[in-house]
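The next block holds one structure in the form of structure tokens; read it before the comments.
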Amino acid sequence: QVQLVESGGGLVQPGGSLRLSCAASGSIFSGYAMGWYRQAPGHPRELVAAITRDGRTNYADSVKGRFTISRDNAKNTLYLQMNSLKPEDTAVYYCNTPPHPLDYWGQGTQVTVSS
């Protein structure tokens with residue numbers, strides 16, 4: 001059974017930090033690269049960070065140097081450490097499998113950056 005459960009979002013002031021988590025079913029996590037996507041109101045969903053099964057990472061230019069993606073293969077859990085947050089980072093964040101996401105999406109976790 002497919003499971004993607006995101007958590008860790010919230011309201012934070014500009015310049016603040018948050019750490020997102022994604023609990024994934026083992027069949028997905030062990031077999032695929034994983035990534036964090038986000039969708040802001042009125043915008044398409046975009047991939048912001050990705051990590052291969054062996055730990056190689058890639059980031060969108062908009063978050064490079066501020067966000068760090070990591071994975072714990074023993075716990076089937078994906079993380080996104082977000083620092084120096086900006087109002088334009090406000091979005092619902094989802095985890096899925098890049099570059100071709102599954103049809104199934106979790107509920108996401110809302111990140112709001114505002115003073």
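The values are calculated or read from the model by the stated rules, or taken from the named source; none is laboratory data. Computed from a predicted structure; not experimentally measured. Positions of Cβ are generated from backbone atoms using ideal geometry, with glycine treated the same way; all protein chains shown enter the neighbour counts. Accessible surface is based on the protein model in full, side chains and every heavy atom, while ligands, DNA and RNA are left aside. Shrake-Rupley method; radii C 1.70, N 1.55, O 1.52, S 1.80 Å.
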Where nothing but the Cβ of Lys and Arg (+1) and of Asp and Glu (-1) is charged, how large is the charge dipole of the stretch 48-103 around its Cα centre, in debye to the nearest 20?
200
Before anything else, pin down the relative contact order of the chain: Cα pairs under 8 Å, at least 6 apart, normalised by residue count, whole percent.
36
Using a 1.4 angstrom probe, figure out how much accessible area the chain has per residue, in square angstrom, rounded to the nearest whole.
52
When the accessible area of the chain is split by element with a 1.4 Å probe, what percent falls to carbon and sulfur?
49
Label zone at GLN13, where the point sits 7 Å out along the Cα-to-Cβ direction: the stretch 99-115 residues whose backbone N lies under 13 Å:
114-115
Run the dipole for the chain about the Cα centre, Lys and Arg Cβ at +1, Asp and Glu Cβ at -1, nothing else charged, and hand back the magnitude in debye, nearest 20.
200
So if we plug the beta-carbon distance of ARG56 and SER114 into 1/(1 + (r/R0)^6) with R0 = 35 Å, what FRET efficiency do we get, rounded to 0.05?
0.55
With a ≥ b ≥ c the root eigenvalues of the C-alpha gyration tensor of the stretch 66-108, is it rounded (a/c under 1.5), prolate (a/b larger than b/c) or oblate?
oblate
In nm, spacing of pseudo-spin labels at ALA40 and GLN3 (7 Å Cα→C-beta vector):
3.3
